[in-house]
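Readers should treat all values here as calculations from the given coordinates under stated rules, not as data from a laboratory. Treat the numbers as computed from the prediction; the structure is a model and nothing was measured. Note that we place each Cβ from the backbone using ideal geometry, even for glycine, and neighbour counts take in every protein chain shown.
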Amino acid sequence: AVTLEFAAYAGSTPVKCGTVVSGLGSGSVDAQIKDFRFYVSNVKLVKADGSEVPLALGANDDWNLTSGSNALTLIDLEDATGSCAAGTAATNATVKGTVPAGDYVGVKMTMGVPFALNHSDYATATKPLDIQAMAWSWQSGRKFAKIEVTDPAGVPGTWAANTFNFHLGSTGCTGNPANGETVSCVAPNRMDFQFASFNPSTQKIAVDVKALVAGTNITVNGAGAPGCMSGGTDPECLHVFESLAIDWKSDGTGTGLPLNGGAAQTLFRAIAK
């Protein structure tokens, strides 16, 4: 059995709902976590020879879904306390599964929902794709990630835009699946990442909100949606998408595809347990 553990961090500091997070964004400001959820899919363990073996998840449950050749898990690092009150008390920090015995040295996966599972009505979807907070629309599918930080002083605070929302998802989607139409999206915006060296028994995966918003002023909204909601020309997405290593260009011509397999991404990193 293999267990991959995720943990919310800001730089080298563990973070959670209900406590102040320091040093975020270009202004190095204090913030509170408001949401911290994302889908990971199609995890593969990598052998020394570079071959990849899919991680077989257990039975489908509240957090995990295997459908055909696709497997996904909802990672939920918010617990509905503090500024996360709109979230859920239940949490899930792990992807658990099995692989055949072998000499595995690394791991790779995608942050996002596979295309075949993405464009459906959340109200009738199988768990964990049935969560309204992670839905955009039938056409646009799911929010692959929903990481939000907010003014620690609340609504009376000093941020011009009270909350910085990072919502990752496919954009430029056409075709309504509710009418049986095929959906296609200009920018898929699924994030690939991998660790060439990773030992799940001694290491976990830090999800670094500080790296996510590095270089971005999270207290104001320059244009477009508040924060970065994957808009093709939203100025708040420039540095955010750099941290994801997804192709994004301010003129809207970004492909939404991973750059070099996500090699330069900074959002996820392996740390000691």
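Were the residues from ALA1 through SER26 laid out at 0.36 nm apart, the gain over their Cα-Cα distance would be 4.9 nm.
With N set to the number of residues, divide the alpha-carbon radius of gyration of the range 93-187 by 2.2 N^0.38 Å and report two decimals.
Values: Rg = 17.7 Å, N = 95, 2.2 N^0.38 = 12.4 Å.
Here the Cα radius of gyration is 1.42 times the empirical estimate.
By the beta-carbon count within 10 Å of each Cβ, the least crowded to most crowded order of HIS167, HIS119, fewest first, is HIS167, HIS119. Entry note, the chain: the mean residue ellipticity at 222 nm calculated from DSSP H runs of n ≥ 4, each adding -39500 (n - 2.57), is -1000 deg cm²/dmol after division by the residues and rounding to the nearest 500. For the range 205-273, the percent of C-alpha pairs falling in each 5 Å distance bin, counted from 0 to the bin holding the largest distance, reads 4, 19, 25, 24, 16, 8, 3, 1, 0. In the frame of its principal axes, the chain has Cα extents of 55, 48, 35 Å, reported largest first. Hydrodynamic estimate: the Kirkwood radius of the range 123-240 over Cα pairs, inserted into Stokes-Einstein at 4 °C and 1.567 mPa s, corresponds to D of 79 µm²/s. Here is the result for the range 99-145: no trypsin sites (Lys or Arg not before Pro) lie in DSSP coil with at most 14 other C-beta atoms within 10 angstrom of their C-beta.
Summarising the label geometry, the points placed 7 Å from Cα in the beta-carbon direction at ALA178 and ASP251 lie 3.6 nm from one another. Here the simple spin-label model places points 7 Å from the Cα toward Cβ, and for THR19 and THR126 these points are separated by 3.7 nm. On a per residue basis, the convex hull of the C-alpha atoms belonging to the range 1-158 measures out at 144 Å³.
Reported to the nearest whole Å, the Cα centre-to-centre distance from the range 196-251 to the range 77-127 is 18. To make sure I understand the rule: partners must be aspartates and glutamates, Cα under 17 Å from the Cα of LYS249, and not fewer than 8 residues away in the same chain. Which ones qualify? The reachable aspartates and glutamates, counting only those whose Cα sits under 17 Å from LYS249, are ASP234, GLU236. Taking other Cβ atoms within 10 Å as a rough exposure proxy, ASP79, ASP49, ASP35, ASP61 sort from fewest to most as ASP49, ASP61, ASP79, ASP35.
Checking the Cα-Cα distances for LYS143/LYS210; LYS108/LYS143; LYS47/LYS210; LYS34/LYS96; LYS108/LYS273; LYS34/LYS204 against a 28 Å cut-off, the pairs over it are LYS47/LYS210. From least to most packed, judged by other beta carbons within 10 angstrom and beginning with the fewest, GLU242, GLU78 follow the order GLU242, GLU78.
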